[in-house]
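Here the structure is laid out as structure tokens; the discussion comes afterwards.
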Amino acid sequence: MAHHAHKDDGAVHAHISSAAFYLAVFLALIFLTVVTVAQSYVDLGRFNLIAVVFIATCKASLVVAFFMHLRWDNKFNVLAFLSAIFFIAVFFAYTMNDTEHRGEIDADQNVKVLPKTGEEAPGGFEPKQASGEAAH
Amino acid sequence: MSSEATAHAADHDHGHHGPKWLAHHFDTPAQQFDAAKLGMWVFLVQELLFFSGLFVAYGVYRSWYPEMFVAASHQLDKIMGGCNTVVLLFSSFTAAMAVRSSQLGNKKATGNYLLVTIACACIFLVIKYFEYTHKIHAGLLPGRYFNPHPEHLAPGAPPLPANAGTFFGIYFMMTGVHGVHVLIGIGILIWIWIRNNRGEFSKEYFTPVDIAALYWHLVDLIWIYLFPLLYLI
């Protein structure tokens, strides 16, 4: 919206941030990098991945909003960016909903049943191995 | 200069109008700027979707083989990865400063910031080269080429399961495609640096610097996720 907020003389009126502001954003990014490295030495169990993605997303937001000027940019560009994030979420959700639940369908569908119980039905595909040691 | 540009543009003269950087089919500099930015954002969005395929592959395999990912990740050098993160973040900062200088019409500062950005990009690739060389010597390669030499592995790391080649397949694909983007970014930044030296940009027209910096920030953005997901498991 930056260009239309001002007098409409047809010239480009892009927002110009101060050098000190860009430096502050950079220092915040370095600080978050230190935080994420420090976090890697603390075992949070299944929250490890959540912490990593959360910190990375904070850093990415700083870059997108300020270095890439999206904070002051045309709102339509913001919409294009956010729609990409939405479709990436759909991509993850649908794919992993499949890969995480293979071999767990019921016997009526003629697939391997519940690898946790060892109960098998004919005609299915191999359930995933229990751990990383399962190589051949 | 800007009022002059506008006065000419307002004529709707379909001959030569406005400054020479204003394309014929645009009425005003603002319209041209908005069109260029939207075009770049659509391209960047495509890049994000393109990389998301690799991130989904990472997600699927990490959730199937979590212990293997932890063991294999210990073979990556956190120090080198961390240095590269700082180098890329700094280059993103200097790219943003190059755009700022260009917006202010400071040609010399723009050129200098672009050069620092290019230098950082080169440092990134040099560090990446040393990392790759070590992985290749240690036999930490994708898929069926995975053949680790115990004497080259990181000391004190957990034993590598036989299917760890999957991790290195994902590692080489993600960092490799990212590295290609760094290489292309260097080319684009050099081109912009040359154009800046020729005096093609001004307070009124800094769009190419802005657009090139957007591309460079995307390269940084991808690495922000790659570093913790690959090195810090």
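Observations, loosely collected:
- When B:64, B:21, B:191 are sorted by how many other C-beta atoms sit within 10 angstrom of their C-beta, beginning with the fewest, the order is B:191, B:21, B:64.
- Most positive-pole-ward Cα, B:63, B:36, B:22, against dipole of chain B from beta carbon charges: B:63
- In a fully extended conformation the segment linking residue B:129 and residue B:63 would gain 20.8 nm over its present Cα-Cα distance, using 0.36 nm per residue.
- Length added when fully stretched, residue B:154-residue B:190, from 0.36 nm per residue minus Cα-Cα: 9.2 nm
- The chymotrypsin sites (Phe, Trp or Tyr not before Pro) found in the stretch A:15-61 that occupy coil by DSSP, while having at most 12 further C-beta atoms within 10 Å, are A:41.
- Segment residue A:92..residue A:71, full-extension length gain: 4.9 nm, with 0.36 nm per residue of separation and the alpha-carbon distance subtracted.
- Overall Cα dimensions of the stretch B:78-222 - principal axes, largest extent first, Å: 59, 24, 20
- Exposure proxy for B:128, B:78: other Cβ atoms within 10 Å of each Cβ, ordered fewest to most, give B:78, B:128.
- Neighbour-count order for B:40, A:96, fewest beta carbons within 10 angstrom listed first: A:96, B:40
- Legend: calculated FRET efficiency, residue B:23 to residue B:78, from the Cβ-Cβ distance at R0 = 45 Å, rounded to 0.05, equals 0.40.
- Set B:20/B:203; B:107/B:203; A:59/B:107; A:75/B:37 screened for pairs whose C-alpha atoms are more than 18 Å apart: A:59/B:107
- In this simple spin-label model, placing a label point 7 Å from the Cα along the Cα-to-Cβ direction at both residue B:38 and residue A:34 gives a separation of 4.3 nm.
- Overall dimensions of the stretch A:1-73 by Cα: Rg and Dmax, Å: 17.3, 57
Each reported figure results from applying straightforward, stated rules to the coordinates on display, with no laboratory input. Predicted, not measured: the structure shown is a model, and the values here were computed from it. All Cβ positions, even for glycine, are placed from backbone atoms using ideal geometry, and neighbour counts span all protein chains on display.
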